[in-house]
Amino acid sequence: MRTFLRTVLRFALLALVVYPVLVIGISMAYKHDGFGNVHYVLGYHGHLWSRVRDTSVTAPVDVLVVGSSLAYRGYDPRLFAEQGLTMFNLGSSAQTAAQGEVLLRHHLHRFQPGTVVMVVSPDMFEGPGIESALDVMVNDRVDLFTARMALLTMNVKAWNTLLYAWFRQMLHLDGHFDEAYLAYNGDRYIPGGYVERPTCDHRSSPARVFGPVADHQVEAFRRSVAFVKASGARLLLVHPPVTDCCRPSSASPEVIREWTDAGTYLDMSGLFGSAADSTFFCDGRHLNRTGVARSNAALIHALKQE
Amino acid sequence: MLFDSLGFAAFFPVVFAAYWSLSSRSYKAQNVLLLAASYFFYACWDERFLLLLIFSTLLDHTSGLLIHRTPSKVAKLRWLYLSVGVNLGILGVFKYYDFFAREFGELAERIGLGVDPVLLGLVLPIGISFYTFHGLSYVFDVYRGRIEPVRDVVDYGLFVSFFPLLVAGPIERAAHLLPQIRAPRTFRYERAVDGLRQCLWGFFKKLVIADNSAPLVDGIFADPAAQTGSTLLLGAVLFAVQIYGDFSGYSDIALGTARLLGFELLRNFAFPYFSRDIAEFWRRWHISLSSWFRDYLYIHLGGSRGSTWMKVRNTFIIFLVSGFWHGANWTFLVWGGLNAVYFLPSLLRGTNRMHLDTVAQGRLLPDLREVGRMLATFMLTCFAWIFFRSDDIPSAMAHVGGIFSASLFTWPQVPKVTPLALAALFMVVEWLGREQRFALERLATSWPRWGRWSLYVVIVFAIGFFMYPGEIPFIYFQF
């Protein structure tokens, strides 16, 4: 038995050493995305690469926004500036509570915001948030917060990508990368974190049935709330305008309770009534320019009132 | 608890350590530990059905004792009928009741009777088809006097519920497993290492081969009308790879795990896709089920003795029952029927036991005749798998119709080629190891340790790097 245990231990150690070498080696040699369980894509839909680099040149702000595409497509720093407020949008693609926490841990101190606006929606507590986790670990930096987030996804692709991202960041292998502000699909990154969509396809979204709440997402959310409050910033949770497809009313009461318990919760989901047409929306969840202007005005008004 | 879950990765080392730490005291204590671990393993799925498992165990244990104790043949038969009736009754209610009720309702409507069938909508208890067959084999064997009944309910409980085989087999025989349960086990280094090797290969088959094929297969079978003939054909071939990787992978993990605990379970697969005819295929595919039906049904029906009509009848019964065992759907019956049709010619010509050896035994490559036979057998099997995989008969017919169209001669449309390349590589390794119990058993064992370990590390890497990142349940769990 001892020989067996010793052999197993030796083999496990060997595998622990060789496995990362092979993951990194194969990923370096074969960079085609979708080959194997490494998803290393600099840039990505949400322009997080540009946004993170933008944080180093942006001065402290009045308002810091975090959240998913509802945030980075929904809140424009230029509109805030017109009203005398400086704002940075720290949204990322499909961001769940776990990635929101990592981004806040990494960047909150730079901005010293007076108010943190957490753009919420019920899906921020759904599942592991793999898409967003990959985005954050590749386009932001790898540290213990990122590692915890990746491990909690319980997904091998996230673990391998974490390993590879850590290696590349350690050796500064992506220093040359420069993300185009104008993406292939016409999206334009606006300094300050906003992503502008010039054209809308006006696809309607089917009614969302929100999945079960993941415990680790709720825990990440609570840690984020505590972290923001500890920084001295005021916390405002905002559900942005959406069409009937994705109203928070269809979320579980447990989710709403999390938001209301965390701080001031502003439900703006019904700001445009039940309209699901092209007047305010690009699709079921995202606003067009008119919708962004109107919802930003409403939020700025609320911020000033508070 | 899935074999490929982190839960099992934590559960098994604890059981392994506790189990072997007891070895010097008593195998009885080991049995108690394994039974408790098995019930815990089962309860992780759904603790409500644990009671059903325990009831089934107690029923068969008591029946076995009563059958043995009763001198009267009539009384023995009565106890046997009781046990078989209750076991099949439970299986029937959970697995088949809704199917028959729905079919009856539809039939009644067709003949103008407005019957609204009562459907139970019960969840199928995991592993019920497997542990029911374990229990039945035991009472049959006791009734025939092949084995003595087990008095110790823990030993019997472990025979039925041993966690490596509890939810998807292999379907064990009392005469094979019970003597191992009722004797001390000693730890043997070679056997344990062999068990680890078999587990490793099983995980590769399941996580890399089967799970990567699954999304492609699902996409193709979801809408046959939207696919070209060549894509549909590729879908059938990929499903053949998926179900083999999935089920034989599961069996490898089960056998490897059991070996780590000092048990040898029945072999379930013997490289079935290298068969030269359907009879050989059925000696190599899901062996524990095929041999169960052979021993407890086919032979009692007369087997291949008697008139031609009897042979045909028995063959159809055995394959149709086997198909229906998989689930309450006409697709499984058609699958069974097709295999009966495939099997009959060799049975009637008396060539069904022609290929008892391994193809190209002692040679690296097969000759052209063997290649032709293997390909023909494989394609027949794939054709039958279309019915097995399809949701219903019209979908299966649409799939078959789509294959036999002009678009068969176009390039298949698949979103990813990596799974195809991995499947091809996998079949090469399987070919190289076809004369062993599992492909990795002797492969590289003559190499120096560094070479052998390099191969295993590459397999570990391949699992981590190429496994499908989502969770796909084992196909046979639904049966």
Exercise. Hey, among B:352, B:339, which residue is outside any helix (DSSP H, G or I), out of contact with any Pro (no Cβ under 6 Å at 6 or more places or on another chain) and farther than 19 Å from residue B:435 by Cα?
Worked result: B:352
For this session: Restrict the check to region A:31-38 and report whether at least one residue is farther than 15 Å from residue A:137 by Cα, within 14 Å of chain B (Cβ to nearest Cβ) and either surrounded by 18 or more Cβ atoms within 10 Å (Cβ to Cβ) or among the hydrophobic types (A, V, I, L, M, F, W, C) (or both).
Result: yes
Seminar exercise, completed: Per the filter on region A:135-161, residues within 14 Å of chain B (Cβ to nearest Cβ) and under 19 Å from residue A:104 (Cβ atoms) are A:150, A:151, A:152, A:153
Exercise. Just checking, how many residues over region B:6-25 are touching a residue at least 24 places away in the same chain (Cβ under 8 Å) and assigned to a loop (DSSP other than H, G, I, E, B)?
Worked result: 1
Problem set entry | Close pairs (7 angstrom Cβ cut-off, 6 or more residues apart or separate chains): open to solvent by less than 30 Å² (accessible area, probe 1.4 Å) in region B:350-377, among the charged types (D, E, K, R) and not in a loop (DSSP other than H, G, I, E, B) anywhere | B:355/B:280; B:359/B:370; B:360/B:370
For this session: Answer with yes or no whether residue B:384 is in the same structural domain as residue B:224 (by TED's automatic domain parsing), in a helix (DSSP H, G or I) and either in contact (Cβ under 8 Å) with a residue 12 or more places away in the chain or in contact with a Pro (Cβ under 9 Å, 6 or more places away or on another chain) (or both).
Result: yes
Exercise. Residue B:121 passes all but one of (1) in a loop (DSSP other than H, G, I, E, B); (2) touching a Leu at 6+ places or on another chain (Cβ under 7 Å); (3) open to solvent by 10 Å² or more (accessible area, probe 1.4 Å); which number fails?
Worked result: (2)
Exercise. Taking residue B:256, is it away from chain A (no Cβ under 14 Å), touching a helix residue (DSSP H, G or I) at 6+ places or on another chain (Cβ under 6 Å) and open to solvent by less than 10 Å² (accessible area, probe 1.4 Å)?
Worked result: no
Problem set entry | Within region B:457-471, considering residues that are part of a loop (DSSP other than H, G, I, E, B) and more than 12 Å from residue B:209 (Cα to Cα), the one nearest to the other protein chains (Cβ to nearest Cβ) | B:469
Seminar exercise, completed: Looking across region B:172-196 at residues that are more than 14 Å from chain A (Cβ to nearest Cβ) and not hydrophobic (A, V, I, L, M, F, W, C), the single one that is farthest from the chain's Cα centre (by Cα) is B:184
For this session: Quick one: which helices (runs of 4 or more DSSP H) lie wholly within region B:124-207 and hold at least 2 residues that are open to solvent by 30 Å² or more (accessible area, probe 1.4 Å)?
Result: B:128-143, B:153-161, B:174-181, B:189-203
For this session: Could you tell me whether residue B:435 is open to solvent by less than 50 Å² (accessible area, probe 1.4 Å) and not hydrophobic (A, V, I, L, M, F, W, C)?
Result: no
Problem set entry | Test: residue in region B:297-319 that is in contact (Cβ under 8 Å) with a residue 40 or more places away in the chain, open to solvent by less than 20 Å² (accessible area, probe 1.4 Å) and touching a Leu at 6+ places or on another chain (Cβ under 7 Å) | no
Exercise. If you go through region B:425-456 one residue at a time, how many are in contact (Cβ under 8 Å) with a residue 60 or more places away in the chain, more than 10 Å from chain A (Cβ to nearest Cβ) and assigned to a helix (DSSP H, G or I)?
Worked result: 4
Seminar exercise, completed: (1) within 14 Å of another protein chain (Cβ to nearest Cβ); (2) more than 30 Å from residue A:173 (Cβ to Cβ) all hold for residue A:78 apart from (1)
Problem set entry | Answer residue from region A:240-277, given it is closer than 19 Å to residue A:212 by Cα, not charged (D, E, K, R) and not in a helix (DSSP H, G or I) and is most open to solvent (accessible area, probe 1.4 Å) among those | A:252
Exercise. Can you name the residue in region B:449-473 that is charged (D, E, K, R) and more than 27 Å from the chain's Cα centre (by Cα) and is also nearest to residue B:204 (Cα to Cα) among such residues?
Worked result: B:452
Seminar exercise, completed: Exception for residue A:6 within (1) of a type in the set (D, E, K, R); (2) away from chain B (no Cβ under 14 Å); (3) open to solvent by 60 Å² or more (accessible area, probe 1.4 Å) falls at (2)
Exercise. Which number in (1) charged (D, E, K, R); (2) touching a residue at least 60 places away in the same chain (Cβ under 8 Å); (3) more than 24 Å from residue B:179 (Cβ to Cβ) marks the one condition that residue B:284 misses?
Worked result: (2)
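The values are calculated or read from the model by the stated rules, or taken from the named source; none is laboratory data. Keep in mind the model is a prediction, meaning the values are calculated, not measured. Cβ: placed from backbone, ideal geometry, glycine included. Neighbour counts: every protein chain shown. These area figures cover heavy atoms from the full protein model, side chains too; ligands, DNA and RNA do not enter into them. Shrake-Rupley method; radii C 1.70, N 1.55, O 1.52, S 1.80 Å.
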